[in-house]
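Below you'll find the structure, written out as C-alpha cells, and then a few comments.
The values are calculated or read from the model by the stated rules, or taken from the named source; none is laboratory data. Please read these numbers as outputs of a predicted model, since none were measured by experiment. Because the Cβ atoms are built from the backbone with ideal geometry, glycine has one as well, and the counts that use them run over all protein chains shown.
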C-alpha cells in the first residue's frame, strides 16, 4: 500500500488519498483559526469572518471521508463524543475571561458526531430515522442548548456524503441550503454564502508531501482557542 493511501476501511478505498484528505483538513483548521482570530482579536474586520466560512463545509466533508475508511463506526463516534465533552470543558473555561460566551453553546464536535450518526443511519437505509434525528438540534434549543450550525450543519454533513463525486449537485445543495440558512435561520448571516468557496478545495484538493498525524487535528481545536484567548487577555491588559 502506498504511503499516501488510506488503509482499508468499511467501504474499501476511495478516490481521495490520505495526503489530499490531510490537505483539506489543514485548510479547514487554518480557516477556523483565521475566523476565530477575527472574532476574538479583530471583531470589526469582516475579512477574517469571510475566510472562516469555508471551514465548516470542509470539516463536514471530511466526516464522510473518514466514515468510509474507518474500521469501527462505534470507535469513531465515541472518539468524536469524547472530544466534544473534553473540549466543552475548555469552552466553559473561556467563560471566565469572556462573559459574553453563551453557556448553552455546544462545541462543533457535537455537530460532527450528529452528522456522523446521520451518515451511519443513511448507509443502512434508515432514512426516516435519519430525518427524525435532524430534529435533535431543535429539541436541544428547547432545552436552552445551542448546537453549532444546528440542523443546517448536521444536514450538510449527511448530504456532502450522499452527494460525493457529484460536483454539480454538491454545489447546488450548498448554495440552496446556505441561502435558506442565511435568510431564514435565527442568527443567519449572508456571510455564510462564502462557504461555497470551499468547493475549490473539495474538488481540486492538493496533495501534501508529508502525512500529518491524526492527533494534531484533534488537539488543534482546544489549543488554538486557548492561544487566542490568551493573546486577547494580554492585549486588553
Extreme residue, surrounded by the fewest Cβ atoms within 10 Å (Cβ to Cβ), among residues of segment 191-216 that are part of a helix (DSSP H, G or I) and at pLDDT below 90: 215
Near pairs, Cβ below 8 angstrom, 6+ apart or cross-chain, from segment 180-197 (over 9 Å from residue 53 (Cβ atoms)) to any residue that is assigned to a loop (DSSP other than H, G, I, E, B): 181/188; 182/188; 182/189
Of the criteria (1) closer than 17 Å to residue 51 by Cβ; (2) free of Cβ contacts under 8 Å to residues at least 40 places away in the same chain; (3) touching a helix residue (DSSP H, G or I) at 6+ places or on another chain (Cβ under 7 Å), which one residue 200 fails: (3)
Some residue of segment 114-124 being over 25 Å from residue 222 (Cα atoms), under 19 Å from the mean Cα position of the chain (by Cα) and either outside any helix (DSSP H, G or I) or in contact (Cβ under 8 Å) with a residue 60 or more places away in the chain (or both): no
Number of positions in segment 159-172 that are assigned to a loop (DSSP other than H, G, I, E, B) and surrounded by fewer than 16 Cβ atoms within 10 Å (Cβ to Cβ): 2
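Rundown of residues vs (1) in a helix (DSSP H, G or I); (2) in contact with a strand residue (DSSP E or B) (Cβ under 6 Å, 6 or more places away or on another chain); (3) closer than 16 Å to residue 64 by Cβ, yes/no style:
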{"position": "144", "(1), (2), (3)": "no, no, no"}
{"position": "154", "(1), (2), (3)": "yes, no, yes"}
{"position": "157", "(1), (2), (3)": "yes, no, yes"}
{"position": "174", "(1), (2), (3)": "yes, no, yes"}
{"position": "218", "(1), (2), (3)": "yes, no, no"}
{"position": "222", "(1), (2), (3)": "yes, no, no"}
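For segment 32-55, give me the residue count where each residue is within 19 Å of the chain's Cα centre (by Cα), crowded, with 17+ Cβ neighbours inside 10 Å and more than 14 Å from residue 200 (Cα to Cα). It would help to see each step written out before you state the result.
Applying the first criterion (within 19 Å of the chain's Cα centre (by Cα)) to segment 32-55 yields 32-39, 48-55.
When the remaining residues are screened for being crowded, with 17+ Cβ neighbours inside 10 Å, the result is 32-38, 48-55.
Subset that is more than 14 Å from residue 200 (Cα to Cα): 32-38, 48-50, 52.
Residues flagged as within 19 Å of the chain's Cα centre (by Cα), crowded, with 17+ Cβ neighbours inside 10 Å and more than 14 Å from residue 200 (Cα to Cα) within segment 32-55 amount to 11.
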Residue in segment 22-31 that is out of contact with any helix residue (DSSP H, G or I) (no Cβ under 9 Å at 6 or more places or on another chain) and modelled with pLDDT under 95 present: no
